[in-house]
Structure formats: C-alpha cells, structure tokens
Amino acid sequence: MAMANPGDIIYVKRKGYNHFGIYAGNKRVIHYHKEKNPLLCDGIVAETSLAEFMSDSDTIYVMNAVGKSGSPVLFDWIIKKLLGDDAIIFSPQETVARARSKIGEQGYNLLLNNCEHFALWCKTGIAKSAQVEDVLAHLAIHLPSPQTNEKDG
C-alpha cells in the first residue's frame, strides 16, 4: 500500500473509473459508499474500512505526493493548475473534519456529485471531477455540432 496519512485524497482503480475517498487514519476511509453497482445506484457518504474501500483493487494511490521539504509540493502544484492560484488546500485535520461533516449525506450524481467531487471538495472546498471533465471533453470532440436551419430567402 502507498503511504497514506490522515487527510490525504486516496483512490483505487476500478473497471472504467477511479474511486476516490479521504483517508481518515487507522485504516479508515470516508467516501461515497455504494453496496450495488457503483455506476447505477445512489450512494451515501460513509466511513468504512480501507479493505471495504479497496474492494477488489490491490493497489491504493495517494494524490498527496510529498516533496523533500515534507510538504505536498506536487499536489499543491496540481491543485493550483486545476483550480487556479487562489485555491485553498485545507490542513489534514480540516480535510478529515470536512469529510466527516458529510457522513450520511446522500445525493450521489455521476456527473455532478461523485466520489471525486467529494474528495476534492473536502481538500479544497471546490467540487470538481477530472474524470467527468475528460469524458465530456471526449464526447464534445466526437459529437456532431448542432446545425442551424436557415431558409434561403
């Protein structure tokens, strides 16, 4: 397992997508938990065991890469690139507190409020999903553009 610290955004790779959560420490993860098909059913924010979060995955990934100074330099850089220079990165304690404040919340939405939105919101206050943005960008490239019907007059 990659070294995760409380407040880190972690994820596992699943068929067709990555599943995100906030590592709470003591082998516990706060994330959108789904008991059935994760793409079709509603989810609830829950704190589960790391093993339950990982499910069939054998590798856990930690987004908070730490630089030589001990601070998450790479993660900070990625966040600033994604969200702009004004992006706030909450402390590990605040990140876990924000995640715990959402336990029991429902309202999962694949495009607007998924596990990646949740994890990034806990860490930065901004709910975004690179996975959704990538899919929508890919679709935009391959879908025909709307045509206007003009009458010759």
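Read-outs throughout are calculated quantities, based only on the coordinates presented, and are distinct from any laboratory measurement. The shown structure was predicted, so the numbers you read here are calculated from the model rather than taken from an experiment. Note that each Cβ is placed from the backbone with ideal geometry, even for glycine, and that neighbours are counted across all protein chains shown.
What the table below lists for this structure:
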read-out: Within-11-Å neighbourhood charge of His31 [Cβ basis; K, R +1; D, E -1]; value: 0
read-out: Environment charge at Thr95 (Cβ cut-off 12 Å; Lys +1, Arg +1, Asp -1, Glu -1); value: +2
read-out: Fewest-first sequence of Asp85, Asp8 by Cβ atoms within 10 Å of each Cβ; value: Asp85, Asp8
